[in-house]
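The values are calculated or read from the model by the stated rules, or taken from the named source; none is laboratory data. Everything quoted here is computed from the prediction, not taken from an experiment. For neighbour counting, all protein chains shown are included, and Cβ atoms are generated from backbone atoms with ideal geometry for every residue, glycine included. To get the accessible areas, we keep the full protein, side chains included, count just its heavy atoms, and leave off ligands, DNA and RNA. Shrake-Rupley method; radii C 1.70, N 1.55, O 1.52, S 1.80 Å.
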Amino acid sequence: MPPATDRGEGPASYLAVVLLVGLLVGALVVANVPVSVTAGIKAAVCKVVSDSRCDTPEEAGGGSGAAGDGRRGVSAAPRDSGKKDDGNCWSWAHWACSAVDGLRLGTGDVLTDAWDGVTFVGCLAHICSHDGFKSNWSGIGALFTTDPRVTAKTMWDESTKPIRDDWNNGHKVRAVFRAVPTVLGTVFGGKGLTKLKHLKDKKPDPPPPRDPPDVIARRAGEAARRGDVDAADKALADAERHLRELREAAADDPARVSFGDMSKARAAVWEARRAAKDARIRKILLQTPSGRWANDILNRYNVEVVYRSRGGTEYFHDSNRVMMSTSRGGSTPEEELLPENALSPEEQAVDLVHEANHVEYDHTGRSAAISLPRDKFVDGLLREEAEGVARQVEMTYELRAHGARLDVTDMEDVYSRGYNRAVGQAERRGEALTDADRQRIGRKGAVDALEQAFRSGRFRTSSTNETYPEYYGKQWDRANGWSTP
């Protein structure tokens, strides 16, 4: 890559080369340099300004030996070195006439473009037809929406079109000398300004290649797992943009978009939206020891976390999915959706720690099996529920230490009372307790107290508003073919 001070030199240097070559050819013509030399120069000029086939020096000048008239170094008659003899110029001086004609036409091009520049600027102020006004402003607008390389190419092509036409039509000397004022006008004047209007005719650049929907969805899920909110939001934006583009394409021509492609795009948007919500909760989890434990469990067992505005929070074994409620509930479905009943992200993180406990019990085989007797099955799940609430309360304490404002709940009160009661009983028995002993004894007392609270019906499920013994008892009944009211 060139140094920063050299950037932008390409077009100017190219134009300077054309000018230099034009002057060189003119000097050679006037000096009547042998055609074999000028033919080589003409071939080089062709490569600079032409967009069609260029003759080699041998083709342009007749070459040597058998290609000429039999005398080495003497060329045959040129095929078409310039303007035909039309009676206005002696045949032996047609090169000079072509040179003068080229300078005349080039100067006329510059003056015409100068006037076009004046009218172009005036038209921007609507001193012209309304169509012209819109056309010129479209050209200005295209500067901000078109690749700069396309802009430069368009201005170059439009500025050099008459020269290239002359060259390709056989008026090569005239083309060379016509380039002199044209190049000067482009470098030192405003010639390129009027070419901006042609930018609006250029098709917009195609969108850069993007990941397919399934890759976008996978990116979103991976971002959520690591609590990367920015990456999840980026994936969501990509998914929504992809779906929007498909819809626009289908609106123009339904045959361009298949049903399968549209379905994949919709699924990617759904997954990306889910992941964007999940990433925000996972980011909170990663702030605390309990939260990091929960995030590790969810990732280890590849659990999908789905957020819903109503219906309670619950882990489903069969689908390996946690359904997270973003509402604390209400007496009616409508009340669940009220803003004042919405759970904060921190409260949702606390609930997710609770569900991670169910995930661990399930995947490690600690959860009560449905094949157990009904009372053993219910007792096992009540203990599992109590352990989950203990982790939930501990997550609450840790988030408060990080500045989160979380209300004290009944479950926290039961945990605290059970913890202190168990430690107090051990101390009254005269046991010498270390901090680790107090933590172990206190936590067991807290879980015991929570289990008793569940068994007594003090707490109810968030999804069905039943007592936990009723809820788990009905699960056993359904699994074992018992009818339930």
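For the reader, a short list of remarks on this structure follows.
- Ordering ILE441, ILE370 by accessible surface, largest first, gives ILE370, ILE441; the 1.4 Å probe counts only protein heavy atoms, with every chain in place.
- Prolate/oblate/rounded label for the range 416-485 (Cα gyration tensor, a/c 1.5): prolate
- Taking all protein chains together and a 1.4 Å probe, the residues HIS402, HIS354 rank HIS402, HIS354 from largest to smallest accessible area.
- Listed residues GLU384, GLU470, GLU346 arranged by accessible area, highest first, probe 1.4 Å: GLU470, GLU346, GLU384
- Remark: spin-label model distance ALA251-SER319 equals 3.3 nm, labels positioned 7 Å along the Cα→Cβ axis.
- Amide H contacts of TYR307 (H built 1.01 Å from N, in plane; Pro and chain starts excluded): MET324 sit under 5 Å, all sequence-distant by 5 or more or on other chains.
- Taking the convex hull of Cα positions in the range 232-374, its mean projected area over all directions (nm²): 12.1
- Restricting the range 266-329 to GluC sites (Glu not before Pro) in coil, as DSSP defines it, with at most 15 other Cβ within 10 Å: none
- Centre separation in Å (Cα based) which lies between the range 381-458 and the range 207-252: 44
- Kirkwood hydrodynamic radius over Cα pairs of the range 290-437, then Stokes diffusion coefficient at 37 °C and 0.692 mPa s, in µm²/s: 191
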